[in-house]
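Enquirer: Quick one: this structure, given as structure tokens, is what I'll be asking you about.
The values are calculated or read from the model by the stated rules, or taken from the named source; none is laboratory data. Everything numeric in this text was worked out from a predicted model, so none of it was measured. In this analysis, Cβ positions are derived from the backbone assuming ideal geometry, glycine residues included, and neighbour counts consider all displayed protein chains. Just so you know, the surface numbers come from the protein's heavy atoms only, side chains and all, with ligands and any DNA or RNA stripped out. Shrake-Rupley method; radii C 1.70, N 1.55, O 1.52, S 1.80 Å.
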Amino acid sequence: MADLKIWMNGKLVEQAQATLPVNSAAVFYGTNVFEGLRAYWNEQAGELYCFRLQEHFVRFRESMKMNRFTIAYSDMDLYDAVREVLKGNAVREDIHMHLVAYVTAPGMDATTPTGLYINPRRRGRLSEGGLRCCVSSWVRTSDNAIPIRLKSGANYQNGRLALLQAKADGYDAPILLTQHGHVAEGTGATFFMVRKGKLVTPPISSDILESITRATLIDAVCPDLHLEVVEREIDRTELYVADEAFFCGSGYEITPIVSIDRFPLGDGTVGPITRRLLTAYMNVVRGVDTRYAEWRMPVYRPVTV
Ligand code: PMP
């Protein structure tokens, strides 16, 4: 299948033409900030819905603020750009996108000029059968060192080291602990576990990204299913005796975890609460569940933001 075109600084370009100078801060230091977005095709409505775009734009601007640079685009401009790249590629299927702002000048303290691109890509479900995870010996970088709340490519080297180690050791994915030994999250996903019928997830002060999927589960999907969620610190050994666990995120959606450090969770297969949450979440993002319409931004019949 042909590569999808990239929206770069106002134009749709071929992948090979979307290039950056090698001496830019963006290439050399990874001075960028980004968001991972998904849009879902709803066959019945004949519409492609971008999920919680507004919340992604807010977080995008928070990352830029902490990285001390800005872009010359309003939220409406960003929405138009997302629509342009999806319409320009005639996307009528589920799609993942990276929205990236970057600094083109050289130097560690460069903050301007900036550029923007949106790179759409086809990306399937991560693992329906569930991941075999390990607790990483790499520790999640702390908020005072390399904050994961600042969603910059450079800040993902910590997760990359953990992922490479996990794969070298025969696991699918790592779970990172904080420097204090409590569960933080996965490389690019929030962690939830089920214990004694309740969902438990680390607080936002546990060196995690303030995940939009996490908020969707806590504020909507779990209450709808009458599932209680507790936000609290999680100890390592709690992982081993959890009944179920999963990662969540815009990219990961809800990806079950079936074992941790080779301890099977529950009966070692995808748990029933995880399954219910996955179905309910997919119905919300696609608009099969017609509530929460304000979270689904249409591409072909736009609304005003
Ligand atoms: N943690 C990290 C480190 C991530 O990169 C992501 C993906 N953006 C998440 C959690 C999940 O966040 P969200 O639900 O907003 O996609």
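Enquirer: Among Phe28, Tyr49, Ile95, flag the residue with its Cα farthest along the positive direction of the charge dipole of segment 14-134, charges on Cβ as +1 for Lys/Arg and -1 for Asp/Glu.
Expert: Phe28
Enquirer: Shifting gears a bit: So for each of 84-94, 179-189 I average, over its residues, the number of other beta carbons within 10 Å; can you give me the resulting order with the highest mean first?
Expert: Top of the packing list down: 179-189, 84-94.
Enquirer: If you take every residue apart from Asn119 with its C-beta less than 14 Å away from the C-beta of Asn119, what net charge results, scoring Lys and Arg +1 and Asp and Glu -1?
Expert: With Lys, Arg at +1 and Asp, Glu at -1, the neighbours total +2.
Enquirer: While we're on this one: So what are the radius of gyration and Dmax for the Cα set of segment 151-275, in Å?
Expert: 13.7, 40
Enquirer: Something else now. Starting from one equal scatterer on each C-alpha and no solvent at all, send me the Debye-based log10 I(q)/I(0) for the chain at q = 0.08, 0.15 Å⁻¹, two decimals.
Expert: The computed values of log10 I(q)/I(0) come out as -0.36, -1.26.
Enquirer: Calculate, in whole percent, how much of the Cα-Cα pair population of segment 108-189 lies beyond 22 Å.
Expert: 38
Enquirer: While we're on this one: Could you report segment 80-153's accessible area per residue, 1.4 Å probe, as an integer in Å²?
Expert: 44
Enquirer: Based on the Cβ-Cβ distance from Thr19 to Val230, what FRET efficiency comes out when R0 is 45 Å, to the nearest 0.05?
Expert: Efficiency at R0 = 45 Å is approximately 0.45.
Enquirer: Short version: ³J(HN,Hα) in whole Hz for each residue of segment 231-247, in order, from phi by Karplus 6.51 cos²θ - 1.76 cosθ + 1.60 (θ = phi - 60°), x for Gly and Pro, what are they?
Expert: Coupling constants for segment 231-247: 9, 7, 5, 10, 7, 4, 5, 4, 4, 6, 10, 5, 7, 8, 7, 7, 9 Hz.
Enquirer: With every protein chain left in place, what is the accessible area per residue of segment 187-305 in square angstrom, probe 1.4 Å?
Expert: Here the residues of segment 187-305 average 42 Å² of exposed surface.
Enquirer: Among the aspartates and glutamates, which fall within straight-line cross-link reach of Lys167, defined as a Cα-Cα distance under 13 Å, with same-chain neighbours fewer than 8 residues apart omitted?
Expert: Those aspartates and glutamates meeting the cut-off are Asp261.
Enquirer: Using a 1.4 Å probe on the protein heavy atoms, what percent of the accessible area of the chain belongs to carbon and sulfur?
Expert: Roughly 52 percent of what the probe reaches on the chain is carbon or sulfur.
Enquirer: If one computes P(r) from the Cα atoms of segment 1-153, what percent of pairs lie at distances over 19 Å?
Expert: That tail contains 60 percent of the Cα-Cα pairs.
Enquirer: Output ³J(HN,Hα) for segment 127-137: one whole-Hz value per residue in order, computed from phi by the Karplus curve 6.51 cos²θ - 1.76 cosθ + 1.60 with θ = phi - 60°, and x for Gly and Pro.
Expert: Whole-Hz 3J(HN,Hα) from phi for segment 127-137: 7, 7, x, x, 8, 9, 9, 10, 7, 6, 7.
Enquirer: In straight Cα distance, which lysines are under 28 Å from Lys87, not counting same-chain residues fewer than 8 positions off?
Expert: Straight-distance partners of Lys87: Lys5, Lys11, Lys151.
Enquirer: Tell me, what HN-Hα J-couplings in whole Hz come from the Karplus equation 6.51 cos²θ - 1.76 cosθ + 1.60 at θ = phi - 60° for each residue of segment 50-58, using x for Gly and Pro?
Expert: 8, 8, 6, 4, 4, 5, 5, 5, 4
Enquirer: Now for a separate question. With a cut-off of at most 14 other beta carbons within 10 Å, and DSSP calling the residue loop, which trypsin sites (Lys or Arg not before Pro) in segment 1-81 qualify? Please list them.
Expert: Filter output for segment 1-81: Arg68.
Enquirer: Taking the Cβ-Cβ separation of Lys87 and Glu62 as r and a Förster radius of 35 Å, what is the calculated FRET efficiency to the nearest 0.05?
Expert: So, using R0 = 35 Å, E works out to roughly 0.80.
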